[in-house]
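Working notes for the structure below.
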Amino acid sequence: MQQEYGDAIQVIFVESQNSGYQESVGFAMGYGWMGTNAIWTSDYLFSTGSNGLPNFALLSPSGEVVLKGNSNAMHGQIEEAIEEMIKNGGAAPEEAPSAVKKGYAEFLEGKWAKAHDRLSKAAEKAKTDEERKYAEDGIKALEDRLKSQVKRVTWLAENGYPERAEELAESLQKGSKGADALVEQTTALSEVLASEDFQKELAAAKDLNKAESKLFEDAKDAKAADKVLEVVEDHLGTKVALRAQELAEFAKAVPGRK
Amino acid sequence: MKTLFAVPLVVGALTASAGAQAVEVGDTPDYSLKSAFNTMGVSGAKDLRGKPVLIDFWGTR
């Protein structure tokens, strides 16, 4: 499902039989389940009340539980609910005026300046205090989200994902053009991307991407893990090399490794 | 037909915190991710506002 919907949803797989972080990621890697945007953890998040596995909780864009139960038995309902949520465009309150809902949908698509303009106009033209509050809350949600996306660029750059940092930074800058207050936040990102260190990270990432693809195709093949270790040696000192090291450690935990 | 999961999910029993207070439909659980793979900077619930989140509980045994 993560592969099907891409960035429109987030899937989090939670190992719930106390297997431990290393073992559970290695297990998943061994089955070839890696290579999507899904997050894998063995942290305890919360209980759904079900003692059987697999079970799930589906959360709306505003973080509310909308469905829970047995993943296999409710497959169709999960898909329907997700499609409905994606169609409705995101985190705007149900009762918000349509202009505000459009604004939310736009900023979730990365059209920051357009959304900011729409929400600002909605606030100016509001006929009631309630309508104005919806629009102002929307502007605040947009600004908060943009701030968190800017922080995410820095996180990606500092944790060995330079190509994703670059892609996100460029998208933020493009989507903010025309809204001065927003451009201010995104302009500083250019400095991060232009540095010599960042260019070294990009070169390392290119090599790791190739090695990682091979590893995810067949994590049981020790040679695939060796290729990842080569990236560590060839690009020592980079954040990408640290990430490659971690990947190689997980590969050691793959059951049935040749 | 879209497949929910490309993985054969293990059918089994939960061992982690089975007795804890369960979330119900309508609740807004707060959760953090400390040891997690492929987070891309996501540290918990607040970072994921704005998109549907499917949390799937599975097991290795």
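Using a 10 Å cut-off around each Cβ, can you sort B:K51, A:K140 from fewest to most neighbouring Cβ atoms?
A:K140, B:K51
Sparsely packed loop sites in region A:87-156 (the GluC sites (Glu not before Pro) outside DSSP H, G, I, E and B with at most 15 other Cβ atoms within 10 Å) comprise A:E94, A:E95, A:E109.
In this simple spin-label model, placing a label point 7 Å from the Cα along the Cα-to-Cβ direction at both A:D144 and A:E95 gives a separation of 1.9 nm.
A simple rule links phi to the HN-Hα coupling: the Karplus curve 6.51 cos²θ - 1.76 cosθ + 1.60 with θ = phi - 60°, which for region A:74-79 gives 10, 3, x, 5, 4, 4 Hz, with x for Gly and Pro. The spacing between region A:2-46 and region A:55-82, judged by their C-alpha centroids, is 17 Å. Remark: A:H116, A:H235, A:H75 ranked as A:H75, A:H235, A:H116, counting other beta-carbon atoms within 10 Å and listing the fewest first. Put a plus charge on the Cβ of each Lys and Arg, a minus charge on the Cβ of each Asp and Glu, and nothing anywhere else: the dipole of region A:2-141 about its Cα centre is then about 440 debye.
Do any of A:K200/A:K227; A:K147/A:K200; A:K111/A:K151; A:K200/A:K223; A:K68/B:K46; A:K177/A:K206 go past 23 Å between their Cα atoms, and which? Over 23 Å Cα-Cα: A:K147/A:K200; A:K200/A:K223; A:K177/A:K206. A straight line joining the Cα centroids of region A:193-223 and region A:85-144 runs 39 Å. Ranked by how many other Cβ atoms sit within 10 Å of their own Cβ, fewest first, the residues A:V25, A:V240 fall in the order A:V240, A:V25.
Each reported figure results from applying straightforward, stated rules to the coordinates on display, with no laboratory input. Predicted, not measured: the structure shown is a model, and the values here were computed from it. FYI the Cβ positions are ideal-geometry reconstructions off the backbone, even for glycines, and counts take in every protein chain you see.
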